[in-house]
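The values are calculated or read from the model by the stated rules, or taken from the named source; none is laboratory data. Predicted model only: the values in this text are computed from it and were never measured. Positions of Cβ are generated from backbone atoms using ideal geometry, with glycine treated the same way; all protein chains shown enter the neighbour counts.
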Amino acid sequence: MLAITLEHNNPKPLYEQLKNQLIRQIEDGHLAPGDRLPATRDLAEQLGVARISVVAAYDDLKANGYIEARVGRGTFVAEPDITPIEHDTSVLAGTSRPQGAALRELLRLAGRPGVIDFGQGTPPDSFLPVDIIRESINTVLTRDGGAAISYEVPEGFPPLREAIATSFNRRGIDITAGEVLITGGCQQALDLAIQALLNPGDVLLTSNPTYPGILDIAYARGVIPVGVPVDEEGLQVDQLETLIVEHRPRLIYIAPTYHNPTGTVMPLHRRRTLLTLAERYRVPVLEDGVYEELNTVGTPPPPLKALDTANLVLYASSFSKVLLPGMRIGYLLASGQLYRRLARVKTAADICTPALNQRAIHLALESGQIDDHLVNVRAACRSRRTAMLTAMTRHWPEANWIEPTGGLYLWVKLPEDGPTATELYLNAVRNNVAFAIGPLFYTNERGSHHLRLNMVAHPPDVIEQGIARLASTWKDLVIGYEYPEQDFSGPFL
Ligand SMILES: Cc1ncc(COP(=O)(O)O)c(C=O)c1O
């Protein structure tokens, strides 16, 4: 029996009183790592409260790393050090990526010489600030000597963390350097969050379609991704509550600004609804802001992190999409016990992110050269976006697309009664043009008639040529195409 006393007339909610008392007992050692906590139903009965209060307290404690659920065995006080995830193979069996390897193999065809490839997920090499980085690396090596090529502290080079915190403070996000964890790109930031917050068999809610890298992480960690539909305004938050109640997710992943692959931006009212639901059901949100600074038309609404009053949002991003994908410098914003847990997972993963890269980026940021470079990158993105939209309108009016206001991608929908994106792809590669096919981005069997085009991968004249080739491949394919008999009515996305 746990020694817990709840005050029913205390203005603090019961679940919070319970949570705080459990934290105290864990922190002062009354509850030791590995101790089993009572089942929620039993504890609710013992305390004379609704079971939902106990569930909410346990959920919060789990989110903050104090306790952990072990599949089929119950809830236990977590070890202070990271315990390796126990891979329960029966759980993993259902979570291998459907057709993932085959799809990737298909995309390798795009690497043939002469192919105009619109499939990449990165800015083109010609956008990368080679001179700025060369100068920064040389300066850092001269300035810091061995420290520049030694281990860095696991949390990251302190002045870089300071610079990142300051840039977020300017955007209305009240964080300190102590809440910035430097990671190996945004991908590692997402992976660390999933490792720290979820166990195999837990559910991750994600937009559907979504960034394929989050699906790779989910499948590798034995986590079950469940999709939330997306429309022209991003995540359909009106469907979220039902999915939360049905699946009891441990985390919601979303890129609200210039979403990959659809390019959509969630308006402010949807952001607020998402946060209200996250708070009501105590589900943390993993916000991916990796494209946020690539606005080409107007300014997007503030990040979820800036609107989060319940401290439920973890924010992940990197310098990859705007600048330097190969430097592998990203970051995760989190606080308190969760931050410490994330730092331990990070140390276990790779000890630290390379010191030289962190210091070189820091120097380039501080000198203002990165901001200047970004201005040029945005201008180039804007003109390539215009070239892409013009070419699509001119050559391929039969297709539909969402006009993006930033980011790298154009999400295209083919007429549903015609060839699929995969059929088109196989023919397009023969005509020396390629793209990313829709099914790569879905948690389920959808996306057969979607494709993603990188709008900025090529200069305007090559975009024009590539889209002309793609559209004519599609038109040739449509002639004589055997239409399967089915009902084609369906939403755009
Ligand atoms: C939405 C999204 N998040 C994260 C990443 C990974 O970024 P990084 O290169 O910083 O690891 C990508 C890369 O394509 C992405 O599209």
Q) What about residue 422, is it part of a helix (DSSP H, G or I) and loosely packed, with under 15 Cβ neighbours inside 10 Å? A) no
Q: Tell me, yes or no, whether the range 175-195 has at least one residue that is surrounded by 24 or more Cβ atoms within 10 Å (Cβ to Cβ) and more than 16 Å from the ligand (Cβ to nearest atom).
A: no
Q. Just one of 265, 203, 223 is farther than 23 Å from residue 317 by Cβ and touching a residue at least 12 places away in the same chain (Cβ under 8 Å); which is it?
A. 203
Q. Among the listed residues 201, 213, 227, which satisfies the condition of being over 25 Å from residue 182 (Cα atoms), surrounded by fewer than 22 Cβ atoms within 10 Å (Cβ to Cβ) and within 16 Å of the ligand (Cβ to nearest atom)?
A. 227
Q. If you check every pair at least six apart or on different chains, which have Cβ atoms under 8 Å apart with a residue in the range 170-198 that is in a helix (DSSP H, G or I) first and a residue that is aromatic (Phe, Trp, Tyr) and within 16 Å of the ligand (Cβ to nearest atom) second?
A. 189/331; 190/253
Q) Quick one: residue 206 ticks every box in (1) surrounded by 21 or more Cβ atoms within 10 Å (Cβ to Cβ); (2) part of a helix (DSSP H, G or I); (3) polar (S, T, N, Q) bar one, so which box is it? A) (2)
Q.
Considering only residues that are away from the ligand (no atom under 16 Å from the Cβ) and buried (at least 18 other Cβ atoms within 10 Å of the Cβ), which ones fall in the range 283-306?
A. 283, 284, 296
Q: Please state which one of 430, 382, 394 is more than 25 Å from the chain's Cα centre (by Cα), at pLDDT 95 or above and surrounded by fewer than 21 Cβ atoms within 10 Å (Cβ to Cβ).
A: 394
Q. Between residues in the range 421-433 that are farther than 13 Å from residue 476 by Cα and residues that are in a helix (DSSP H, G or I), which pairs lie under 6 Å by C-beta distance while being six or more apart or on different chains?
A. 421/438; 429/109; 433/466; 433/469; 433/470
